[in-house]
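To start, the structure itself, in structure tokens.
The values are calculated or read from the model by the stated rules, or taken from the named source; none is laboratory data. None of these values were measured; they are calculated from a predicted model. With ideal geometry, Cβ positions are generated from the backbone for all residues, glycine too; neighbour counts draw on all protein chains shown.
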Amino acid sequence: MSQARPLVALTGATGFLGRYLVESLHAKGWRVRAMVRSLPIHEQLAPYRLELVPGDLRDEAALRRLVTKADAVIHIAGAIKGHADSLMQTNYGGTKRIVDAWRNHAPNARFISVSSFTAREAHLSAYGASKRAAEEAVMAKDGNWLVVRPPAIYGPWDRETLSIFKAARLPVHPMLGSKSARLSLIHVRDAANALCALCNEGPQQQLLELSDAVLEGYSWSEIVDAACASVACSARPFHLPPGLVVMAASLNGKLARLRGQVSIFDEGKAREILHPDWSARGAHLVPENIWVPEISLQDGFAETVKWYRAAGWL
């Protein structure tokens with residue numbers, strides 16, 4: 001690392017996890033150079049001084065400018081929904097291009113690629129397949145790289161998990177997964193702090209998984225209970241038959257296609273939801289001397305609901 005404040009090159013800085021990572025990096029004394037597709041950037045980033053590089057994952061010249069002279073490169077950007085070919089083009093193709101930029105223009109930098117638990121079961125969805133292919137693009141290279149898989153991430157500013165808390169206020173609480181299924185979760189601030197901690201220390205050429213302190217994950221009933229407690233409602237859970245979940249996802253996907261849209265809740269997402277084990281694997285955890293999670297599910301949900309209410313989202 002250079003003697004001046006070290007520099008991180010970051011994709012996905014304007015996304016949910018990326019914005020919290022910018023906060024964590026600044027708190028630890030890193031300079032941040034971020035690739036952005038458009039201006040203005042998100043209001044959550046207003047307090048931070050960023051070096052901005054216009055472009056996207058298809059722009060090889062922008063990727064070269066992004067990584068040159070960086071001490072670390074963190075790649076978060078990607079697509080979470082889309083047709084199979086577009087997911088592969090963005091998640092695999094974009095990762096391959098930034099990996100090539102890193103090896104060609106910043107070979108001594110530490111490279112961290114943020115993946116997903118879904119890459120463990122690539123056969124379940126086009127998204128999981130594209131994330132697995134992206135991981136393989138990183139792992140095929142020599143150098144100081146890490147692949148980091150976070151589980152489901154929640155926290156203030158997140159619109160994806162807002163539906164959990166809206167549903168918690170309903171008279172009954174449908175659960176999509178089986179009673180025995182386990183699902184890991186992590187607060188966005190913990191996930192950001194983990195990535196920040198891994199920027200300058202820890203293992204190399206490894207695949208790591210993140211989780212909160214409950215490594216075995218949560219049942220759907222436990223998640224519903226925690227969500228209902230956070231909005232001061234009594235939990236009345238019931239499990240939907242798997243066949244009904246698949247049918248609803250298939251119908252939703254077809255209706256979206258008829259409208260010329262892409263829905264995140266499609267057949268692949270249903271298969272992910274119904275998978276019985278999304279708990280963290282102990283053999284792939286971040287070493288405790290590098291990072292440990294600090295935010296419990298109960299505290300994290302309570303903070304998130306408080307923010308949603310203050311923001312008028314809930």
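Odds and ends about this structure:
- Meets criteria (farther than 27 Å from residue 99 by Cα and within 21 Å of the chain's Cα centre (by Cα)) for residue 213: yes
- Filter result (under 25 Å from residue 186 (Cα atoms) and assigned to a strand (DSSP E or B)) within segment 1-36: 8, 9, 10, 11, 32, 34
- Residue match in segment 281-295 (condition: among the small types (Gly, Ala, Ser) and either modelled with pLDDT of 95 or more or in a loop (DSSP other than H, G, I, E, B) (or both)): no
- Exclusive hit being aliphatic (A, V, I, L, M), surrounded by fewer than 22 Cβ atoms within 10 Å (Cβ to Cβ), at pLDDT 95 or above and assigned to a loop (DSSP other than H, G, I, E, B), set 39, 124, 57, 52: 124
- Some residue of segment 274-286 being within 24 Å of residue 214 (Cβ to Cβ) and more than 21 Å from the chain's Cα centre (by Cα): no
- Candidates in segment 14-36 are the residues that are basic (Lys, Arg) and over 24 Å from residue 311 (Cβ atoms); of these, the one that is surrounded by the fewest Cβ atoms within 10 Å (Cβ to Cβ) is 28.
- Some residue of segment 238-256 being more than 25 Å from residue 120 (Cα to Cα), part of a loop (DSSP other than H, G, I, E, B), among the basic types (Lys, Arg) and without any contact (Cβ under 8 Å) to a residue 40 or more places away in the chain: no
- Subset tally (residues that are outside any loop (DSSP other than H, G, I, E, B) and of a type outside the set (Asp, Glu)) for segment 170-202: 17
- The set of residues in segment 257-277 that are assigned to a helix (DSSP H, G or I) and exposed (fewer than 15 other Cβ atoms within 10 Å of the Cβ) comprises 257, 258.
- With respect to the stated conditions, residue 201 fails to be crowded, with 18+ Cβ neighbours inside 10 Å, touching a residue at least 12 places away in the same chain (Cβ under 8 Å) and within 27 Å of residue 66 (Cβ to Cβ).
- Of all residues in segment 192-218 being of a type in the set (Asp, Glu) and either closer than 26 Å to residue 137 by Cβ or in contact with a Cys (Cβ under 8 Å, 6 or more places away or on another chain) (or both), the one that is modelled with the lowest pLDDT: 201
- Some residue of segment 228-246 being on the phi < 0 side of the Ramachandran plot, in contact with a His (Cβ under 8 Å, 6 or more places away or on another chain), surrounded by fewer than 17 Cβ atoms within 10 Å (Cβ to Cβ) and among the polar types (S, T, N, Q): no
- Among (1) in a helix (DSSP H, G or I); (2) touching a residue at least 60 places away in the same chain (Cβ under 8 Å), the one test that residue 70 misses: (1)
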